[in-house]
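No lab work stands behind these numbers, since they all come straight from the coordinates. This is a predicted model, so every value here is computed, not measured. Please note: Cβ atoms are built from the backbone with ideal geometry, for glycine as well, and neighbour counts cover all protein chains shown.
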Number of protein chains: 2
Amino acid sequence: MVAESTQERAPLSKERVLQAAVDLADEAGIEALTMRGLADRLGVEAMSLYYHVANKEAMLDGVVDMIVTEISEAADEAAPPSGGADWKTTMRNRILAAREVLLRHKWAPAVMETRTSVGPATLRYYDDLLRVFREGEFSYDLAHHAMHALGSRALGFTQELFDPADQETGDEDMEAEMAAMAEELPHLVEMLMEISHEGAETTLGWCDDQTEFEFGLDLLLDGLERLREPA
Amino acid sequence: MVAESTQERAPLSKERVLQAAVDLADEAGIEALTMRGLADRLGVEAMSLYYHVANKEAMLDGVVDMIVTEISEAADEAAPPSGGADWKTTMRNRILAAREVLLRHKWAPAVMETRTSVGPATLRYYDDLLRVFREGEFSYDLAHHAMHALGSRALGFTQELFDPADQETGDEDMEAEMAAMAEELPHLVEMLMEISHEGAETTLGWCDDQTEFEFGLDLLLDGLERLREPA
DNA sequence: ACCTGAACACCGTTCAAGT
DNA sequence: ACCTGAACACCGTTCAAGT
């Protein structure tokens, strides 16, 4: 009696492969997303995947397309184009919604950065952003600059200064380490001390990501608004 | 007679290993930077590298540190802190110099994004940026927001909309393809047509990277300037 | 049409051993 | 102190073959 036969299992499809890939990365991290690991999760041999995707790169392209589709849907739900709100509110809410999606798929930005071509979902998302600008009476020229200026933030990419788990030192010698750092990095240390005194956290994990994201986004959107209607 | 002996060859060192790694990536691309390939270039067995670096990740950490050191030096040469110029000019010229360095090491941003901890060179570079803000009479709070808002742009990262070689279609059916795209991506297509009519290039490789980089950078710096001196 | 088995070329890395 | 050889576990991928 064979344990798993083709009949007992839903047949593979490109969609099932890509969905499984997203789930695997969500649950076990991007380094777990190998062709062999993905096949395992689908109860199939590694080589079977090659019937549905050309190779690993094509698989990753598909995965990114799924994520961007999710971003697009979230953005449309939060603030559809032609939804009645002004361009800045619409753009702001769309991009904040995009960020929320990426918080659910923390591995995704790194994969997106490795893509060398733009998939259909991304093109569609950009087209929608452009539409919002146009409905806000931007010229195509300014809208074009705006897209570059937003950069990966348009897709919800967060800009972290120091990466999440940067704590390699025990809590004990925090004082001593600070003193040593203070000589070489005086401004960084002073900033740290000042901000930690007034705020919540005392360690290096002090930045409120949501606040910083909105600060940077608003800085750009406000600047664009001024360029749109010169003085 | 043995071809290559330890005596005939300069002995390895961490610095030589890292420099060779940078050179290899420059010449052959990041995918050529394997432990075995790196050893080859140094005329040594792969395992010898492990005497000088803990593992591949540590090697990449070191490589990033070298690049950021190069960025720091270029920034200092272009516009040293306390160099006499106002904060905005100094910051602008430093970041433009950083970008020039990354143009010489196109593979570097992708590697930098994969680092999970911040090296000494990066800390020093950030400390210097902070110093420039402070000399421009920013509060630490605003300077902190500013660093997040600049994000990876502070290190000279370019924000490309579509990646370099996105031309997978022959030149012939450009017209036909445009027509097909126009239905699904009306704004993108219209923008393309408008910009290509007035400008230089006619294809998808139309964006002047330098211009777009400066546009986004100035948008941020101008916005920060306004926040620094409220009305 | 869909999936598999065996095999290949290539990784990073270990460990014990050489000089 | 510095480097090596052999070996291991793991990749992505090919190709011819099975149902």
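Annotations
- In segment B:101-156, GluC sites (Glu not before Pro) in a DSSP loop with at most 15 other beta-carbon atoms within 10 Å: B:Glu137
- For segment B:7-72, applying the loop criterion from DSSP together with a ceiling of 13 other beta carbons within 10 Å to the trypsin sites (Lys or Arg not before Pro) yields B:Arg9.
- When chain B is treated as a GNM with alpha-carbon contacts under 10 Å, the residue of B:His148, B:His105, B:His197 showing the greatest mean-square fluctuation is B:His197.
- Value at 222 nm in deg cm²/dmol, rounded to 500, when DSSP H runs of n ≥ 4 in chain B each add -39,500 (n - 2.57): -19500 deg cm²/dmol
- Tensor-based shape of chain B (alpha-carbon gyration tensor, a/c under 1.5 rounded, otherwise prolate or oblate): oblate
- Segment B:59-94 and segment A:39-114: distance between their alpha carbon centers, rounded to Å: 35
- Across the options B:Gly151, B:Ala20, A:Ala179, the greatest Cα extent toward the positive end of the charge dipole of the protein assembly as shown (unit charges at beta carbon of Lys, Arg, Asp, Glu) belongs to B:Ala20.
- Counting Cβ atoms of other protein chains within 10 Å of each Cβ in B:45-51 and taking the mean gives 0.
- Taken over segment B:44-120, the ratio of Cα radius of gyration to 2.2 N^0.38 Å equals 1.36.
- A full extension of the chain between B:Asp222 and B:Glu183 corresponds to an added length of 10.3 nm, given 0.36 nm per residue minus the alpha carbon distance.
- Within straight-line reach of A:Lys106, meaning a Cα separation under 27 Å, sit the following lysines at least 8 residues removed in sequence or on another chain: A:Lys14, A:Lys56, A:Lys88, B:Lys56, B:Lys106.
- Seen from A:Ala79, the other residues with C-beta closer than 14 Å to its C-beta sum to a net charge of -2, counting Lys and Arg as +1 and Asp and Glu as -1.
- Comparing A:Leu18, A:Leu217, A:Leu185 in a Gaussian network model of chain A, where Cα atoms under 10 Å apart are tied by springs, the biggest mean-square fluctuation is seen for A:Leu185.
- Closest approach to the A/B rotation axis among chain A Cβ atoms, residue and whole-Å value: A:Gly223, 2
- Using Cβ point charges alone (K and R +1, D and E -1), the dipole size of segment B:39-123 about the Cα centre works out to roughly 300 debye.
- Shown for B:Ala58: label points 7 Å from Cα along the beta-carbon vector, and their distances to the equivalent points in the other copies, 4.0 nm in ascending order.
- Listed residues A:Ala97, A:Ala46, A:Ala180, most fluctuating in chain A (Gaussian network, C-alpha, under 10 Å): A:Ala180
- Label spacing, shortest first and in nm, from B:Pro11 to its equivalents in the remaining copies (7 angstrom along Cα→Cβ): 6.6
- Debye, to nearest 20: dipole size of the protein assembly as shown, +1 on Lys, Arg Cβ, -1 on Asp, Glu Cβ: 580
- Teacher prompt: B:Glu177 distances to equivalent labels in other copies, 7 Å Cα→Cβ, nm: 5.1
- Rel. contact order, % - alpha carbon contacts under 8 angstrom, at least six apart, chain A: 17
- Within segment B:109-154, the trypsin sites (Lys or Arg not before Pro) that combine a DSSP coil assignment with at most 16 other C-beta atoms in a 10 angstrom radius are B:Arg115.
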